[in-house]
Every structure is written in structure tokens, then in C-alpha cells.
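Everything below concerns the one structure shown next.
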Amino acid sequence: MEHTHDIYSNSDFINSKIWNGKKISTDFELAKKQQVASKIGELDIFCRLYEMNNAFEDIKKDTIKKQADESNFIDKPENDYNILN
């Protein structure tokens, strides 16, 4: 639960353009204080979406770096174009 708290306290999460991070963070803290497991479970989707989005962003960055790396280009015969691996 501490990991979830850390995510909901993160400024990127709180200032998200996708959801109301301030409200979700407040709701989570209230549910945690009142020990309402069902509400914590309902809010868990936002934690998972946040982590998935961060993972996809990392994948996109790695893919862009690979595509921009000149060592990934193959020289073709004179009349053909260069292509990416």
C-alpha cells in the first residue's frame, strides 16, 4: 500500500491531464485512514494505468533511440533506398 501512496503523492500523477489526481489522492488517503478496502480497490485502476503509461513512455523512448541510431541502417545497392532493421 505504501507503493500506491507514493504514486498518488507523485506530482505527475496529481497534475495529470487525464484524471483528477488531487481528488484521487484525497480519496485514497481517506479510504486508507478509514480502512475501506473496497474503495482502495476501486482506486487501484488509476495506479495501474499510471504505471502502464510510464512503462509505455519508456518503451517509446527506447524505440526512438534505436530508430535514430545510424548503425541500424543497411546500405542497399545504388538504386535502392536505405531501410531500418
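The values are calculated or read from the model by the stated rules, or taken from the named source; none is laboratory data. Please read all numbers here as calculations on a predicted model, not as lab measurements. With ideal geometry, Cβ positions are generated from the backbone for all residues, glycine too; neighbour counts draw on all protein chains shown.
Worth a mention:
- Options Ser25, Ser38, Ser71, Ser9: the member that is out of contact with any helix residue (DSSP H, G or I) (no Cβ under 7 Å at 6 or more places or on another chain), among the hydroxyl-bearing types (Ser, Thr, Tyr) and either at pLDDT 70 or above or surrounded by 13 or more Cβ atoms within 10 Å (Cβ to Cβ) (or both): Ser38
- Residue tally, condition in contact (Cβ under 8 Å) with a residue 40 or more places away in the chain and among the β-branched types (Val, Ile, Thr), over region 5-62: 1
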